[in-house]
Amino acid sequence: MTMDTKIWTGPGRPAVFLDRDGTINEEVKYLSSPHQLRLIPGAAEAIARLNQAGIPVIVVTNQSGIARGFYTEDDVELVHSYLDKLLADHGASIDAYYYCPHHPGAIVKQYLVDCECRKPRTGMLSAAAAQENVSLAQAYLVGDKRSDLRAAVSAGARGILVRTGYGKEAEQELLSEAEASGAALVANIVDDLAAAVDQILATLSQSQPQGIQPPKFAANFRHHQPEIGRHYPHS
């Protein structure tokens, strides 16, 4: 399948991209089973608020455990199905999932790809922008790692670092680097997804253009299959 990866840059619909582990659910190294999945308190309610506001919520997650042979793509889909169930119990839902199964040091040969979809590269974001008809210029990426912040900047979106998962470690690294260089810390850092959504909704309510009809969300595209890694040219 060849993908049209042109980034939507016009006055389109905003979106919120979410990292998965450490942002929505508790961090478990190489999470491979629904039995390991635990929602971070307040995360489901925060996603429900985005749903109620009509803002697409799109998960973009690196899943190198597939490439390392710890679990399979089917396992990822089972985890996402269970995540859907847990969120539904709180009136929340994810509009689309994008995941990268590749790694340049993969054990499983078919995933040995130096791809453009693995964050901090922007392949998942640019594909979602094209396929889901949303504007990266009006989008947010919320995550607990510096790779999430870098992906947001590279894609022209706005990044928010949460202190859940690996977020506190990332914050300390950023603070240490800022102190060493004498530069101001410019990263947007909040406690958790609930706080990030507070900020996003407040900002969007002030900045949305009036009288513009957003493009239709591509509801028929539910779970992204990872051919993307083989269709992006290397940078």
*How far is it, in nm, from the label point at Leu112 to the one at Glu179 when both lie 7 Å from their Cα along the line to the Cβ?*
4.3 nm
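With all protein chains present, how much of the accessible area of the range 63-103 (probe radius 1.4 Å) comes from carbon and sulfur, to the nearest whole percent? Numbers along the way, then the final one.
Values: 710 of 1510 Å².
C and S atoms contribute 47 percent here.
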*Glu179, Glu26, reordered so the largest accessible area comes first (probe 1.4 Å)*: Glu179, Glu26
_Please list, ordered by chain and number, the residues whose modelled amide H lies under 5 Å from the amide H of Ala139; skip anything fewer than 5 residues away on the same chain._
Ala15, Arg158
_Potential lengthening between Thr72 and Ser93 on full extension [0.36 nm per residue; Cα-Cα distance subtracted]_ = 5.2 nm
*Total formal charge among the other residues, if their Cβ is under 11 angstrom from that of Gly65, Lys/Arg +1 and Asp/Glu -1*: -1
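With a 1.4 Å probe and all protein chains in place, put Glu169, Glu27, Glu73 in order of accessible area, largest first.
Working: Glu169 115, Glu27 60, Glu73 35 Å².
Of Glu169, Glu27, Glu73, the descending order of accessible area is Glu169, Glu27, Glu73.
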*Please sort 146-155, 127-136, 48-57 by packing, taking for each peptide the average over its residues of neighbouring beta carbons within 10 angstrom, highest first.*
127-136, 146-155, 48-57
*What ranking of His35, His90, His102 comes out by heavy-atom accessible area, probe 1.4 Å, highest first?*
His35, His90, His102
*Over the heavy atoms of Lys29, what accessible area does a 1.4 Å probe trace out, to the nearest 10 Å²?*
150 Å²
*Mind putting a number on the dipole of the range 47-182 about its Cα centre? Charges go on the C-beta only, +1 for Lys and Arg and -1 for Asp and Glu, and I need it in Debye to the nearest 20.*
200 debye
*Approximate spin-label separation Glu27-Thr203, in nm, with each point projected 7 Å along Cα-to-Cβ*: 2.3 nm
*Quote the FRET efficiency, to the nearest 0.05, computed for Gln172 versus His35 with a Förster distance R0 of 25 Å and r equal to the Cβ-Cβ distance.*
0.20
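The values are calculated or read from the model by the stated rules, or taken from the named source; none is laboratory data. Since we're looking at a predicted model, the values are computed, not measured. Positions of Cβ are generated from backbone atoms using ideal geometry, with glycine treated the same way; all protein chains shown enter the neighbour counts. The area values use the complete protein model at the heavy-atom level, side chains included, leaving out ligands, DNA and RNA. Shrake-Rupley method; radii C 1.70, N 1.55, O 1.52, S 1.80 Å.
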